[in-house]
Amino acid sequence: MRVLVIGSGGREHALCLALRRDPAVTELFCAPGNAGIAKVAELRDVEVAEPETVAALAQELAVDLVVIGPELPLVKGAADAVRAAGIACFGPSAAAARIEGSKSFAKDVMVAAGVPTARSFTCTTPDEVAKALADFGPPYVVKDDGLAAGKGVVVTDDRELATAHAARCERVVIEEHLDGPEVSLFCVTDGVTVIPLEPAQDFKRLGDGDTGPNTGGMGAYSPLPWLSPDTKADVVSRVAQPVIDHLREVGTPFAGLLYVGLAITQQGPMVIEFNARFGDPETQVVLARLQTPLGGLLLSAATGTLADHPPLEWSPEAAVAVVVSARGYPESPITGDPITGTDDAAVLHAGTSLDSAGALVSSGGRVLTVLGRGTTLAAARKDAYVRVNRVYLPGGHFRTDIAQKASRS
């Protein structure tokens, strides 16, 4: 099987590593990729936001499967273009990807499907924003309605900050704050059948102790020893399956990866958000534990045969991922800094490239994800930080408390 992965981040590096382990994958391409992905896949240039260009590359390479990693090409319609070219694609249509492309659309779907979620208002004027903030009170949760590369959400007790964030957005969703730890659950689906992966937890704040601004994610771990083993089945039956059924019934079937972001409240799991693709950095820890060949699983979802796929197999080992970010991230990341200490298969590249002399340099805000494994969460966490401390990026930043609390439970 010839596979093309679209994207260039840590998530795509993890996907390529998992696909490379699948004996059925004979050739692996990634576009545009990065310096780390180049070690496991053949890179090609592509403009990911141009659906016809993505489809043309898939045809040129004569691939059997295209796996679209980032949200932008999905929302733009890359999966539609690939399927129109007669090639199997793992990723939802543009119409279905609105579940990530528009927070208000996602809320409408949740209501229609009877999914437990926070009460919310969609606002387009300052008066509507002021009323919504007053109705819910602090902490204020303000979400840019459109795509914002993981940085469109502000959760704050400062009303002025909440108002300022809303003013920068053309359209915002303001909702009540949900108390409780957060969980990410990835669900693979062909538009009918839903197969959940193992849960993970990520860390969105920049600093230790969940301080500082929201980011695209500073680390993650799996499994979650504190989470009820019944949660996964409960979320599929009460959230994922109803949403997939609803989208199919209204003529926008969703085939690909439904990311369910949850808060585990006293009333049970409630949905914070949906994404239309694998999350980053949770993908790195979840796929590190997956023993079932990934290529076959994604092809089954892309071809409508997921009901026939055998049960997934998982490693009992724990995995912990720690993100190393650039100076100035997330506000104004500085790029072009040299990176050393990455000659380790556990170091996954996100924002990296090679300079004119062929040296590895930073090219994005989140630069690397370092993966640790172990028989226990504590052992995996120790392994991750031993590896992180071998990496050098001038002014690089990473959290020191990823999975710390969970590893003690």
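Among the residues of the stretch 269-326, those identified as open to solvent by less than 30 Å² (accessible area, probe 1.4 Å) and among the aromatic types (F, W, Y) are F274, F278. All of A24, A38 fail the test of being out of contact with any Ser or Thr (no Cβ under 6 Å at 6 or more places or on another chain) and either open to solvent by less than 10 Å² (accessible area, probe 1.4 Å) or not in a helix (DSSP H, G or I) (or both), apart from A24. Within the stretch 355-406, the residues that satisfy the criterion of being surrounded by 15 or more Cβ atoms within 10 Å (Cβ to Cβ), farther than 15 Å from A326 by Cβ, without any contact (Cβ under 8 Å) to a residue 60 or more places away in the chain and of a type in the set (G, A, S) are G372, G374, A378. Of all the criteria given as (1) open to solvent by less than 30 Å² (accessible area, probe 1.4 Å); (2) at pLDDT below 90, the one not satisfied by L197 is (2).
Mind checking whether some residue in the stretch 125-146 is open to solvent by 40 Å² or more (accessible area, probe 1.4 Å) and polar (S, T, N, Q)? Yes, the stretch 125-146 contains at least one residue that is open to solvent by 40 Å² or more (accessible area, probe 1.4 Å) and polar (S, T, N, Q). Name every residue in the stretch 276-305 that is over 16 Å from the mean Cα position of the chain (by Cα), under 15 Å from L17 (Cα atoms) and in a loop (DSSP other than H, G, I, E, B), in order of residue number. Residues satisfying the conditions are Q291, T292, P293.
The set of residues in the stretch 52-75 being open to solvent by less than 70 Å² (accessible area, probe 1.4 Å) and without any contact (Cβ under 8 Å) to a residue 40 or more places away in the chain consists of T53, A55, A56. Tell me, please, whether a residue that is over 23 Å from F90 (Cα atoms), in contact (Cβ under 8 Å) with a residue 40 or more places away in the chain and touching a helix residue (DSSP H, G or I) at 6+ places or on another chain (Cβ under 6 Å) can be found in the stretch 246-269. Yes, the conditions are met somewhere in the stretch 246-269. When the stretch 172-214 is filtered for residues that are out of contact with any strand residue (DSSP E or B) (no Cβ under 8 Å at 6 or more places or on another chain) and either under 30 Å from T125 (Cβ atoms) or not in a strand (DSSP E or B) (or both), the ones remaining, listed by number, are D190, G191, V192, T193, D208, G209, D210.
Residue-by-condition table, conditions (1) open to solvent by 40 Å² or more (accessible area, probe 1.4 Å); (2) within 24 Å of G10 (Cβ to Cβ); (3) in a loop (DSSP other than H, G, I, E, B):
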residue: P225; (1), (2), (3): yes, no, yes
residue: D234; (1), (2), (3): yes, no, no
residue: S237; (1), (2), (3): yes, no, no
residue: G251; (1), (2), (3): yes, no, yes
residue: L258; (1), (2), (3): no, yes, no
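Exactly one residue out of A78, A118, A164 is of a type outside the set (D, E, K, R) and open to solvent by 20 Å² or more (accessible area, probe 1.4 Å), and it is A164. Report the residue count in the stretch 81-91 for those that are more than 23 Å from the chain's Cα centre (by Cα), open to solvent by less than 70 Å² (accessible area, probe 1.4 Å) and more than 17 Å from L298 (Cα to Cα). Residues that pass the stated criteria total 1.
Only a single item in (1) at positive phi; (2) at pLDDT 95 or above; (3) open to solvent by 20 Å² or more (accessible area, probe 1.4 Å) is not met by G150, and it is number (2).
The values are calculated or read from the model by the stated rules, or taken from the named source; none is laboratory data. Please read these numbers as outputs of a predicted model, since none were measured by experiment. FYI the Cβ positions are ideal-geometry reconstructions off the backbone, even for glycines, and counts take in every protein chain you see. Surface accessibility is based on the protein's heavy atoms, side chains included, excluding ligands, DNA and RNA. Shrake-Rupley method; radii C 1.70, N 1.55, O 1.52, S 1.80 Å.
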